[in-house]
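The values are calculated or read from the model by the stated rules, or taken from the named source; none is laboratory data. Only a predicted model underlies this, so the values are computations on that prediction, with no experimental measurement involved. Using ideal geometry, Cβ is built from the backbone for each residue, glycine included, and neighbour counts are taken over all protein chains shown.
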Amino acid sequence: MKLAISSSGKDLNSQLDPRFGRCAYFLVINPDDMRFEVFDNESSALGGGAGIQSAQFLASKGVDAVITGNCGPNAVQTLSAAGVELFTGQSGTAREVVERFKKAQLRPTSEATVDSHFGMAPGTGSGGGMGSGGGGMRPGTGRGRGRGRDMGGGRTMDGGNGVSGQRMPMKKGFGSVSRDSELESLKKKADEINNELEDIITRINDLHTSD
């Protein structure tokens, strides 16, 4: 069996990192003999989709269960589709967490504990979460519309960073968008995100089938 733990360091005495998609490292541990591998989390700096990418990576390593502090909705769905159990709400060292798992003191969950932007550095533009080239998912399919959450809050209108995390002035006309237009825009964006997530889940299942 393989356990993956979101970690702040590279050994079993390292503290668990409470962020799943944006943790510093993943420790993949065999709980029977405590042998482990260390992987840098290359998804931690992504503007959006870090949780999905991290979940895909661990599924590709044949992980059976993930133990972390918090996990967003997209990562939860991706792990579930790959047949990976999820244990959230944990803290302490990696060694302590594994011992609790071996004593059956942990309970699996299928519920997200945070929203999809948890752990993102303040003032970081995400381009609506699925922009910036699609977070490396399908080459050439990134939408990158960069609406920015809340049309401000340290994010420029093109999805980049505000200077020193300050609010950037909006161009004239953005504040006059009607409620219906905004609602329609958000529905369209949600459909696009769901379509991308379905493609990811299908790809994960295809990879498992081909093993």
**Q.** Single condition A45 does not satisfy, out of (1) crowded, with 16+ Cβ neighbours inside 10 Å; (2) over 22 Å from R107 (Cα atoms)
**A.** (1)
Q: Only one of these is of a type outside the set (K, R), surrounded by fewer than 22 Cβ atoms within 10 Å (Cβ to Cβ) and more than 22 Å from I204 (Cα to Cα): P31, P73. Name it.
A: P31
(Q) Whether any residue in the stretch 81-96 is closer than 18 Å to G9 by Cβ, among the charged types (D, E, K, R) and at pLDDT below 95 is what I want to check. (A) no
